[in-house]
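Chemist: Would you mind keeping the following structure in view while I ask a few things?
The values are calculated or read from the model by the stated rules, or taken from the named source; none is laboratory data. A quick note: this is a predicted structure, and the numbers were derived from the prediction, not measured. So basically every Cβ, Gly included, is an ideal-geometry build from the backbone, and we count neighbours across all protein chains shown.
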Amino acid sequence: LLGPDGGLGVTIFEEMTTLALQTGAINLGQGFPDEDGPAEIKAAAQAAIAAGANQYAPGKGILELREAVSVHQHRFYGLAPDPQTEVLVTTGATEGIAASLLAFTGPGDEVLTFEPFYDSYGAVIGLSGATHVTAPLLAPDFFPDMDALEAAFSDRTRVVLLNNPHNPTGAVFPRRVLERVVELARQHDCLIITDEVYEHLTFGVSHVPVASLPGAADRTVTISSAGKTFSFTGWKIGWLTGPEGLVSAIRTVKQFLTYSSGTPFQAAIAAGLALPDEFYEGISAGLRHKRDILSEGLRAAGFDVFTPQGTYFVNVDTAPLGISDSVDLARRLPALVGVAAIPVPVFCHPQGAERTRSLLRFAFCKKVEVLEEAATRLAALS
Ligand code: PMP
Ligand code: GLN
């Protein structure tokens with residue numbers, strides 16, 4: 001999606017990955033790990049295939065995975081969605097987002113997101129016919145401007161679509177920000193759809209699920225995905241949880257998007273969700289180390305670095321290098337130094353694009369030696 005208010009073109013991720021492949025650049029653009037997730041999860045998928053789990057799964061997902069999602073939410077957050085009625089398996093978080101927006105919004109409705117926003121939000125709000133209203137996140141911490149947030153709500157706001165931890169900025173919003181969003185959603189009687197795919201990718205701060213806040217559960221749909229937590233982005237297994245009435249409306253839409261999601265991968269992810277605490281602590285510790293290596297390289301190259309508290313993205317300001325247009329730089333960077341990144345303005349409407357004009361996003365979910373090589377290449381810029 002280029003120009004979120006315009007037509008639906010090729011996504012920025014596709015564009016930059018293609019450019020990286022053409023130039024042989026290190027791809028720190030599209031966010032996907034360069035190492036697979038745990039061997040036992042892969043073995044569980046192979047075992048499921050061998051055992052014949054190769055035909056359509058039930059539309060709402062296999063019971064084993066719905067139960068595992070519920071147990072996982074209880075273990076980490078004390079929440080207990082009913083696996084029969086309050087959990088839906090989706091084809092990645094992407095389908096969860098699309099099915100939720102299509103279920104609840106249409107022409108005349110407003111959907112409120114922070115800005116910058118993940119690219120599929122703008123596209124699907126557009127497809128639903130609703131109007132996309134944004135509230136800015138402000139550097140250096142990328143927390144929202146609370147006055148602007150309040151002013152962005154109206155009597156037409158149907159959904160506030162949150163993303164925490166936040167892509168592309170790497171912000172993890174404090175509890176007080178999330179509580180205020182819940183208060184505003186209650187005042188305006190709107191739904192909260194919260195994309196928490198990076199729930200386990202936080203560094204030194206804990207993830208607070210919106211659904212765990214007072215007054216939120218009855219109007220909140222929470223979306224997550226195995227892609228990020230388990231490093232299997234290509235399996236496209238996601239899930240969502242929420243009150244029965246909301247989940248059932250989303251399931252109705254899902255029937256006609258994909259009907260059901262990859263059967264053997266569901267069984268494998270059910271096994272993954274049950275991995276011990278050390279696994280979850282390990283992802284966060286490993287990524288934190290990678291964040292620090294890449295951030296140091298980016299700083300040495302002359303960028304201003306905004307250290308993220310979550311996700312696997314780090315944003316930099318290119319202005320100290322005398323570069324004001326990150327879209328132009330992102331298109332030239334692969335050929336220039338052999339590294340690909342994503343310009344932040346593409347996650348914005350025009351005003352936000354102006355505000356973030358010199359910001360660039362780098363992914364650090366790559367092997368340490370790859371990040372070190374990227375840092376060496378980027379040093380040529382300064
Ligand atoms: N939401 C956010 C914020 C993301 O960053 C991504 C993917 N990187 C998705 C949703 C999509 O997740 P999935 O691959 O599970 O569809
Ligand atoms: N979510 C990933 C990112 O932000 C990319 C996913 C995609 O290519 N659609 O980089």
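Chemist: Look at the stretch 167-190 and say how many of its residues are surrounded by 22 or more Cβ atoms within 10 Å (Cβ to Cβ) and either within 14 Å of the chain's Cα centre (by Cα) or not β-branched (Val, Ile, Thr) (or both).
Modeler: The number of residues fulfilling the criteria is 9.
Chemist: Right, next: Regarding residue 136, is this residue within 19 Å of the chain's Cα centre (by Cα), away from ligand 2 (no atom under 15 Å from the Cβ) and free of Cβ contacts under 8 Å to residues at least 40 places away in the same chain?
Modeler: No, not satisfied.
Chemist: Which of the residues spanning the stretch 195-231 are outside any loop (DSSP other than H, G, I, E, B), within 16 Å of ligand 2 (Cβ to nearest atom) and within 20 Å of residue 135 (Cβ to Cβ)?
Modeler: Listed by number, the residues that qualify are 195, 223.
Chemist: Please return the ranges of helices (runs of 4 or more DSSP H) entirely within the stretch 1-108 where 1 or more residues are assigned by TED's automatic domain parsing to the domain that holds residue 162 and more than 15 Å from ligand 2 (Cβ to nearest atom).
Modeler: Fully inside the stretch 1-108 and qualifying: 39-50, 63-77, 92-104.
Chemist: To continue, here is another question. Could you count how many residues in the stretch 233-248 are part of a loop (DSSP other than H, G, I, E, B) and either at pLDDT below 95 or closer than 16 Å to residue 61 by Cβ (or both)?
Modeler: Looking only at that region, the number is 2.
Chemist: Return the residue satisfying two criteria in turn: it lies in the stretch 168-222 and is in contact with an Asp or Glu (Cβ under 7 Å, 6 or more places away or on another chain) and of a type in the set (A, V, I, L, M), and of such residues it is nearest to residue 345 (Cα to Cα).
Modeler: If we take residues in the stretch 168-222 being in contact with an Asp or Glu (Cβ under 7 Å, 6 or more places away or on another chain) and of a type in the set (A, V, I, L, M), then 171 is nearest to residue 345 (Cα to Cα).
Let's see how each residue does on (1) farther than 25 Å from residue 311 by Cβ; (2) out of contact with any Phe, Trp or Tyr (no Cβ under 9 Å at 6 or more places or on another chain); (3) surrounded by 15 or more Cβ atoms within 10 Å (Cβ to Cβ):
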{"position": "34", "(1), (2), (3)": "no, yes, no"}
{"position": "50", "(1), (2), (3)": "yes, yes, no"}
{"position": "77", "(1), (2), (3)": "no, yes, yes"}
{"position": "94", "(1), (2), (3)": "no, yes, yes"}
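Chemist: How about the stretch 356-369: which of its residues are under 23 Å from the mean Cα position of the chain (by Cα) and surrounded by fewer than 18 Cβ atoms within 10 Å (Cβ to Cβ)?
Modeler: 367, 368
Chemist: Here is a follow-up. Could you list, in sequence order, the residues of the stretch 299-317 that are crowded, with 24+ Cβ neighbours inside 10 Å and in contact with a strand residue (DSSP E or B) (Cβ under 7 Å, 6 or more places away or on another chain)?
Modeler: Residues satisfying the conditions are 303, 308, 310, 312, 313, 314, 315, 316.
Chemist: Is the stretch 167-176 home to any residue that is out of contact with any Gly (no Cβ under 8 Å at 6 or more places or on another chain), closer than 25 Å to residue 309 by Cβ and assigned to a helix (DSSP H, G or I)?
Modeler: yes
Chemist: So the check is Cβ under 8 Å with 6+ separation or different chains; which pairs have a first residue in the stretch 62-77 that's within 26 Å of residue 259 (Cβ to Cβ) and a second one that's of a type in the set (Lys, Arg)?
Modeler: Final answer for the pair search is 66/60.
Chemist: If you take the residues in the stretch 325-355 that are β-branched (Val, Ile, Thr) and assigned to a helix (DSSP H, G or I), which one is surrounded by the most Cβ atoms within 10 Å (Cβ to Cβ)?
Modeler: Applying the filter and picking the extreme gives 344.
Chemist: Mind checking which pairs have a first residue in the stretch 289-306 that is over 20 Å from residue 202 (Cα atoms) and a second that is of a type outside the set (Val, Ile, Thr) and in a loop (DSSP other than H, G, I, E, B), Cβ under 7 Å, 6 or more apart or different chains?
Modeler: Taking only residues 6 or more apart or on different chains, the pairs are 301/382; 302/382.
Chemist: A further question follows. Look at residue 88 and say whether it is in contact with a Phe, Trp or Tyr (Cβ under 9 Å, 6 or more places away or on another chain) and either more than 21 Å from residue 198 (Cβ to Cβ) or away from ligand 1 (no atom under 15 Å from the Cβ) (or both).
Modeler: no
Chemist: Another question, if that's okay. Could you go through the stretch 251-262 and let me know if any residue there is assigned by TED's automatic domain parsing to the domain that holds residue 21 and surrounded by 24 or more Cβ atoms within 10 Å (Cβ to Cβ).
Modeler: Within the stretch 251-262, none of the residues are assigned by TED's automatic domain parsing to the domain that holds residue 21 and surrounded by 24 or more Cβ atoms within 10 Å (Cβ to Cβ).
Chemist: Here's another thing I want to ask about it. In the stretch 349-381, what count of residues is obtained for those that are in contact with an Asp or Glu (Cβ under 7 Å, 6 or more places away or on another chain), over 19 Å from residue 171 (Cα atoms) and free of Cβ contacts under 8 Å to residues at least 60 places away in the same chain?
Modeler: Total meeting the criteria: 0.
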